[in-house]
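The values are calculated or read from the model by the stated rules, or taken from the named source; none is laboratory data. All figures in this text were calculated on a predicted structure; none of them were measured in a lab. Cβ: placed from backbone, ideal geometry, glycine included. Neighbour counts: every protein chain shown. These area figures cover heavy atoms from the full protein model, side chains too; ligands, DNA and RNA do not enter into them. Shrake-Rupley method; radii C 1.70, N 1.55, O 1.52, S 1.80 Å.
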Amino acid sequence: MDATAQATAEILKKIRALEIKTRGLVETAFAGNYHSVFKGRGMNFEDVREYQPGDEIRAIDWNVTARLGTAFVKKFTEERELTVMLIVDVSASGNFGSTVQSKRELAAEVACLLAFSAIRNNDKVGLLLFTDQVELFIPPKKGRSHTLRLIREILFFEPRGRGTQPAQALDYLNKIVTRRAVVFFISDFQAPDFSHALAVSGRRHDFIAIHVRDERERSLPNIGIVTLEDAETGEQIEINTADRSTRARFADVADEQAEQLSRALRRNNIEEISLRTGEDYLPALRAFFRQRERRIAIR
């Protein structure tokens, strides 16, 4: 087998393994959650049937009732089909991972889980990959083969840019997806301020921010003098990790950046799911679904 064929076989193997894992999770952990928290656009009139004790009086179709001389009620079905957009940051910082998993690999697995959840519920799924520019847009469609294409692109797409400009991705989204969609925005959010674009997108769409992080971006090990390099700019700095105050300042800066992001999301009524590489992401996703279900039940 030549090198190209071998590489292709490895790609297909990885995609298939991810499909098997995430489809299993969809069938077990998320079978009903996704459907219950992401409602369709409304109710469609389907038919009428004869009134039965316990039916809502407001559902009576008075025209049919008057014509036939007995009470009939309207039957409705939920307009379930949604458009789900996966917006995934593929900038250079996503290649970092201090465990067996990089941030981009974690993003791909979570995106795969969400995509199969949507497809299982007969929703359409689209993809937008971005760096400091819009790298790739795949319009929303249905079907397993379409979903597998999305996963392949998330895992193996080679971006032109290295930086991160979420505002460009959101501006593009708002221009091209005109109807309200469920938007999962997956990024490490190591980016300049994009509050305005976030506010616009938060109003137009059901917007969920998935914050993908690595523990080493907050907690430095005590290993002496090390050189750190910004993956997106190439800038390097040398720091002494043996110095306790240096490690504390590093953690404080990371915590403040995370809190600034959380404040910006809260201001715009956008929900945040925080995930870390090397950790099980299911508890955080389950907690998100449970909280959202509770809020829907209260309304």
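Return the residue satisfying two criteria in turn: it lies in region 119-156 and is assigned to a strand (DSSP E or B) and basic (Lys, Arg), and of such residues it is nearest to ALA181 (Cα to Cα). This residue is LYS124. SER195: open to solvent by 20 Å² or more (accessible area, probe 1.4 Å), over 30 Å from ARG292 (Cβ atoms) and either modelled with pLDDT of 90 or more or out of contact with any Pro (no Cβ under 7 Å at 6 or more places or on another chain) (or both), yes or no? No, not satisfied. Looking at SER245, is it of a type in the set (S, T, N, Q) and touching a strand residue (DSSP E or B) at 6+ places or on another chain (Cβ under 7 Å)? Answer is no for this residue. From the list GLY94, GLY143, pick out the single residue that is touching a residue at least 24 places away in the same chain (Cβ under 8 Å), more than 22 Å from LEU285 (Cβ to Cβ) and either touching a helix residue (DSSP H, G or I) at 6+ places or on another chain (Cβ under 9 Å) or small (Gly, Ala, Ser) (or both). Being touching a residue at least 24 places away in the same chain (Cβ under 8 Å), more than 22 Å from LEU285 (Cβ to Cβ) and either touching a helix residue (DSSP H, G or I) at 6+ places or on another chain (Cβ under 9 Å) or small (Gly, Ala, Ser) (or both) holds for just one of GLY94, GLY143, which is GLY143.
Tell me whether region 82-98 contains one or more residues that are of a type in the set (Ser, Thr, Tyr), within 28 Å of PHE116 (Cβ to Cβ), assigned to a strand (DSSP E or B) and modelled with pLDDT under 85. No, the conditions are met nowhere in region 82-98. When region 146-170 is filtered for residues that are open to solvent by 60 Å² or more (accessible area, probe 1.4 Å) and out of contact with any helix residue (DSSP H, G or I) (no Cβ under 7 Å at 6 or more places or on another chain), the ones remaining, listed by number, are ARG149, GLU158, ARG160, GLN165, GLN168. Per the listing ILE296, ILE270, the residue uniquely at pLDDT below 90, within 26 Å of LEU113 (Cβ to Cβ) and β-branched (Val, Ile, Thr) is ILE296. Among residues of region 25-63 being of a type in the set (Gly, Ala, Ser) and at pLDDT below 70, the one that is nearest to GLN291 (Cα to Cα) is SER36.
Would you confirm, using the coordinates I've provided, whether PHE116 is of a type in the set (Phe, Trp, Tyr), outside any loop (DSSP other than H, G, I, E, B) and modelled with pLDDT of 95 or more? No.
Once region 198-240 is narrowed to residues that are exposed (fewer than 14 other Cβ atoms within 10 Å of the Cβ) and among the small types (Gly, Ala, Ser), the residue that is farthest from LEU128 (Cα to Cα) is GLY224. If you go through region 261-293 and pick out every residue that is assigned to a helix (DSSP H, G or I), of a type in the set (D, E, K, R) and open to solvent by 60 Å² or more (accessible area, probe 1.4 Å), you end up with 6.
Each residue in region 68-81 was checked for being over 23 Å from ALA209 (Cα atoms) and either modelled with pLDDT under 85 or hydroxyl-bearing (Ser, Thr, Tyr) (or both), and 9 pass.
Among the residues of region 278-289, is there at least one that is under 24 Å from ALA199 (Cβ atoms) and touching a residue at least 12 places away in the same chain (Cβ under 8 Å)? Yes. Residues in region 119-129 that are modelled with pLDDT of 90 or more and out of contact with any Phe, Trp or Tyr (no Cβ under 8 Å at 6 or more places or on another chain) were compared, and the one that is surrounded by the fewest Cβ atoms within 10 Å (Cβ to Cβ) is LYS124.
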